[in-house]
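Novice: After the structure tokens below, expect a handful of questions from me.
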């Protein structure tokens, strides 16, 4: 401001930047990008489920409940693992790993509070089946995967991948609590998406996981065998997304599912032909493109048909 000493002005600016940086740091603990992807999965679950149209309020409550519960699970994953995160190149810059934030009772209270709030919100505004799926998704990723399976078995990510399936079922339950066939087919597709997605990343970072003593399938079988397993899962995933109960969603969904699926299968085939780190990373990105197109197609079809309000 006019008349203020330069030192005072600079000090105020630094404090503002410091507060802003700390806010971003705290927000990053909740893994917002992953929480957003899981939220889109839930909305897509509602989009592919036959039944009454959801109002804008119902869509927003579904999205908020899933985002908060997924964020809480992501925070638990970081709060409980600073030691192993420091070892791995991929995670060593996380806030608890660097010491910028310190784990403590307040963090655990916030995680439990967010989870409880999200479940109650879903139960009160939507229905108890949605609330149950929201809770199961959060527990699966935050506690069953992180606290129980991650350091015990290479099957960790297979079971942990159920978190995405529960998100899809939460969305479906918002439309029909009885969970029709389309809901289960979509949830199964999400279940088969996680292993090839994460095993491709784990192949790229094999040394990281070995150093942190976290069992991942790429460290237990040969490179080509792993690539074949990834391809098989990818083919099953794509086949599930193209089954009749889902194709009824509309031509936009069908086009996106087929296009994204074909691309993911192609990158998986390239990975089988040459199981290198670069091809593993290309396949990892292929999985993201496939999922993005799948969710975009489902949600766009539902919005244009009036099944989801915007």
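The values are calculated or read from the model by the stated rules, or taken from the named source; none is laboratory data. Small disclaimer: the values here were computed from a predicted structure and weren't measured. Neighbour counts are summed over all protein chains in view; Cβ atoms, including those assigned to glycine, are modelled from backbone coordinates with ideal geometry.
Novice: Restricting the stretch 217-255 to residues that are modelled with pLDDT under 90 and touching a helix residue (DSSP H, G or I) at 6+ places or on another chain (Cβ under 7 Å), which is surrounded by the most Cβ atoms within 10 Å (Cβ to Cβ)?
Specialist: Once the filter is applied, the top-ranked residue is 249.
Novice: Quick check: anything in the stretch 177-187 in a helix (DSSP H, G or I), in contact (Cβ under 8 Å) with a residue 40 or more places away in the chain and over 28 Å from residue 61 (Cβ atoms)?
Specialist: No.
Novice: Could you tell me whether residue 129 is in contact with a helix residue (DSSP H, G or I) (Cβ under 9 Å, 6 or more places away or on another chain), modelled with pLDDT under 95, surrounded by fewer than 22 Cβ atoms within 10 Å (Cβ to Cβ) and more than 12 Å from residue 73 (Cβ to Cβ)?
Specialist: Criteria not met by residue 129.
Novice: Report, by residue number, each residue of the stretch 216-273 that is farther than 25 Å from residue 183 by Cβ and free of Cβ contacts under 8 Å to residues at least 24 places away in the same chain.
Specialist: 218, 221, 222, 225, 266, 267, 270, 273
Novice: Answer yes or no as to whether residue 139 is more than 20 Å from the chain's Cα centre (by Cα) and part of a helix (DSSP H, G or I).
Specialist: Criteria not met by residue 139.
Here's the yes/no breakdown for (1) surrounded by 24 or more Cβ atoms within 10 Å (Cβ to Cβ); (2) more than 13 Å from the chain's Cα centre (by Cα); (3) farther than 21 Å from residue 260 by Cα:
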{"position": "148", "(1), (2), (3)": "no, yes, yes"}
{"position": "153", "(1), (2), (3)": "no, yes, yes"}
{"position": "158", "(1), (2), (3)": "no, yes, yes"}
{"position": "165", "(1), (2), (3)": "yes, no, no"}
{"position": "171", "(1), (2), (3)": "yes, yes, yes"}
{"position": "178", "(1), (2), (3)": "no, yes, yes"}
{"position": "181", "(1), (2), (3)": "no, yes, yes"}
{"position": "188", "(1), (2), (3)": "no, yes, no"}
{"position": "193", "(1), (2), (3)": "yes, no, no"}
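Novice: Within the stretch 247-254, can one find any residue that is closer than 22 Å to residue 272 by Cβ and part of a helix (DSSP H, G or I)?
Specialist: The answer is no, given that none of the residues of the stretch 247-254 is closer than 22 Å to residue 272 by Cβ and part of a helix (DSSP H, G or I).
Novice: Quick check: anything in the stretch 122-129 in a loop (DSSP other than H, G, I, E, B), out of contact with any strand residue (DSSP E or B) (no Cβ under 8 Å at 6 or more places or on another chain) and either in contact (Cβ under 8 Å) with a residue 40 or more places away in the chain or at positive phi (or both)?
Specialist: Yes, the stretch 122-129 contains a residue that is in a loop (DSSP other than H, G, I, E, B), out of contact with any strand residue (DSSP E or B) (no Cβ under 8 Å at 6 or more places or on another chain) and either in contact (Cβ under 8 Å) with a residue 40 or more places away in the chain or at positive phi (or both).
Novice: Pick out, from the stretch 40-116, the helices (runs of 4 or more DSSP H) lying fully within it that include 2 or more residues that are within 18 Å of residue 134 (Cβ to Cβ).
Specialist: Here the list reads 56-79.
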